[in-house]
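Report on the structure given below.
The values are calculated or read from the model by the stated rules, or taken from the named source; none is laboratory data. Fair warning: this is a prediction, and the values are worked out from it, not measured in the lab. Every residue, glycine as well, gets a Cβ built from its backbone with ideal geometry; the counts of neighbours run over all protein chains shown.
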Amino acid sequence: FKARWWSLNKVKTVCSYCGTGCQLTLGVKDDKVLTTVYDENQGFHNGQLCTRGRFGYQFVNSDKRLTTPLVKKNGKFEEATWDEALGLVKQKFIDAKNAGGSSVAGLVTPRLTNEELYLLKKLFNQGLGSDNLDHSAGYAHAALTAGAVESVGYPASPASISDIQATNLLLVVKSDAYETHPVLGFEINLGVKRKGVNLRIVSDKKGKISRLPNALTYLHSPGSEVALFNSLAKVIIEEGLLDSSASTLPGFAELNSKLAAYTPAVVAEQCGMKAEEIVSLAREYAAAEKALIMLPIGLGYPGHGKALAQATLNLALLTGKVGKEGCGVLIMGEKNNSQGAADLKVHPVAGGLDAAGIIDGCTSGAIKTLYVVGENPVVSYPNRKKVETALDAVEFLVVQDLFLTETASKADVVLPACSFAEKDGTFTSVGRAVQRINKAISPVGVARSDFEILGLLYAAVGGEIPPGISEAFEEIGTVVPSYANIDFHQLGEEGTIYPVNNKCRLIPVDATAVKSSSTGTYALVTGNALNHCGTLSLYGEGPMYVCAEGYIELNNADANKLGVKDGESLTVKSQLGDIKLKAKIGMRLPSGVVFAPYHFSDKSINSITDGESVTWVSLSK
Ligand code: SF4
């Protein structure tokens, strides 16, 4: 960038990529974000940022930003005024409301602020009379937090980020925090190297954290996590390694009888580990004075998120490792405000349609108006063809976004929204930290904040809108008890971790069998590529420099069998179709398991995934 650092206006805010919630300082000049400024006194992470936070901000001033509303006429977009574009949307919303509300649905990104999500929920539930509202985190994070509600009484982690360094044993389930939540990867690194934290990883691939000193990685078959945690719990009960009060917890007898089938010998066969490894991991976890489980999961886990959260919480509760420093289960939201979306219950309540149901409803004609806010379902949801068919079929599609995404290009009306750098509000990150974001620049073109657009639409259907952001936050406190005692104006730079009251219960859960297939022999798992997060990072120079296209990652032995070399093209085929991707060969994955990032729109892996925890594929040169 071409400016002296001292000539920059510095605005403190919060990164808008992943759920870690790192604080950052934007360097602004001439109403443009020119850089992020390193400030070692900022945040729990002492100013450290990953590539996304440090070099991924260019999407804010990208020349691909939408700067004006668009309306499709005769199959082509034409620039429109806000009055014209909003007028069309308002009329559809009024029609839908008058028809009872069930024909309108919303898909929203958990990247919006809490105040925007709150207004959107009000627009749907109270303004339109519709419960058909969901967000992409609904495919994974919402399932985990729904599990937490039944196990501990609230939809969030019974742990916070500071517990990573305060624990004795860290049990990381699936994935690599260095890739999904890199600054939490640094925290793990510091815990292991400076505080002597023992690191144990159970995963279907080896990541960078597996290389930390004395880390032990247990590779298991994708989709077998619940069985594994049930078996760990069985060993703990059988060997009497329980906390003294565990047998008095509600659900103990039911859990105990459910676990009868999960002997280490049986589960070892199912998950590809040795029975002795399961026993030794259970003993080690129970013996640790403090132990923290981390669940850093993204879109790759639609199938069994709720059961997985409950199985891990069962383990923590049985050993008395909830509600104490250095203990608990840390659920790591993929997006910057996944936790806020869970707190605000931005997902269907009883009777409403979830994201998958909304997609089906568009195809069947049950949903006539679909409002997509900041989401790109064509690329980020499983089964791309099915999603595209649904979006082509729905009568009226309105998309509110920063960019003309693959989803927006199918819309009847496109509304240009503001990025995090153009607005005020709050995000809630991993470990229940509520933090303020601050406006650094003016909206690009005539873009408006989601808060403003949602307010105008809510008013059009007779809703009473809060006059401003702080008033909206205050209202949130009246419906989300954990936010009730937080004063927006007192949040300051540090933010606050909202308190919780644990109402613990053991929940017996079944492990669902991983579906096998005759069409493929490799288990495909999807997730984040290094330094990417959702589809927003495709507009950031740093993330694209590190990884610019999709790939298929496979084990050395499998590559030798196929006769494929690193960088060569492979055809990846599932029962839904095939795509060609470059091979990335290494030792991170067990034989028989392949991995592909889901962000990239041209060779989109979601064109061949089906929404199950594992998609079976075949590979050929
Ligand atoms: Fe942003 Fe997440 Fe990276 Fe922190 S770890 S800088 S929140 S992307």
If the requirement is being within 16 Å of the ligand (Cβ to nearest atom) and either of a type in the set (Val, Ile, Thr) or assigned by TED's automatic domain parsing to the domain that holds residue 469 (or both), which of these qualifies: 67, 81, 13? 13
Residue in segment 205-231 that is modelled with the lowest pLDDT, counting only those that are closer than 17 Å to residue 147 by Cβ and within 20 Å of the chain's Cα centre (by Cα): 223
Index of the failed condition, residue 243 passing every other in (1) part of a helix (DSSP H, G or I); (2) more than 21 Å from residue 142 (Cα to Cα); (3) in contact with a Gly (Cβ under 6 Å, 6 or more places away or on another chain): (1)
Could you say whether any residue in segment 440-453 is aromatic (Phe, Trp, Tyr), more than 16 Å from the ligand (Cβ to nearest atom) and either part of a strand (DSSP E or B) or crowded, with 18+ Cβ neighbours inside 10 Å (or both)? yes
Take residue 27 and decide whether it is within 16 Å of the ligand (Cβ to nearest atom) and in a helix (DSSP H, G or I). no
Apart from one, (1) of a type in the set (Gly, Ala, Ser); (2) without any contact (Cβ under 8 Å) to a residue 60 or more places away in the chain; (3) outside any helix (DSSP H, G or I) all hold for residue 221; the odd one out is (2)
Within segment 14-30, restricting attention to residues that are free of Cβ contacts under 8 Å to residues at least 60 places away in the same chain and in contact with a helix residue (DSSP H, G or I) (Cβ under 8 Å, 6 or more places away or on another chain), which residue is nearest to residue 537 (Cα to Cα)? 24
Restricting segment 506-560 to residues that are modelled with pLDDT of 75 or more and charged (D, E, K, R), the residue that is farthest from the ligand (Cβ to nearest atom): 510
Please count how many residues of segment 36-51 are of a type in the set (Val, Ile, Thr) and surrounded by 20 or more Cβ atoms within 10 Å (Cβ to Cβ). 2
Among the helices (runs of 4 or more DSSP H) confined wholly to segment 71-171, which include 2 or more residues that are closer than 22 Å to residue 362 by Cα? 82-98, 114-122
With the structure loaded, tell me whether residue 74 is more than 16 Å from the ligand (Cβ to nearest atom) and not assigned by TED's automatic domain parsing to the domain that holds residue 431 or whether it fails that test. no
Per-region count, segment 600-621, residues crowded, with 18+ Cβ neighbours inside 10 Å and at positive phi: 0
Could you tell me whether segment 112-123 includes any residue that is of a type in the set (Lys, Arg), surrounded by fewer than 17 Cβ atoms within 10 Å (Cβ to Cβ) and away from the ligand (no atom under 16 Å from the Cβ)? no
Could you say whether any residue in segment 291-299 is out of contact with any helix residue (DSSP H, G or I) (no Cβ under 8 Å at 6 or more places or on another chain), assigned by TED's automatic domain parsing to the domain that holds residue 216, among the aliphatic types (A, V, I, L, M) and at pLDDT 95 or above? no
Which residue pairs have Cβ atoms under 6 Å apart, sit 6 or more places apart or on different chains, and have a first residue in segment 263-283 that is in contact (Cβ under 8 Å) with a residue 40 or more places away in the chain and a second that is of a type outside the set (A, V, I, L, M, F, W, C) and part of a helix (DSSP H, G or I)? 267/231; 278/231; 278/264; 279/264
Given the options 60, 33, name the one that is in contact with a strand residue (DSSP E or B) (Cβ under 7 Å, 6 or more places away or on another chain), within 15 Å of residue 536 (Cβ to Cβ) and within 14 Å of the ligand (Cβ to nearest atom). 60
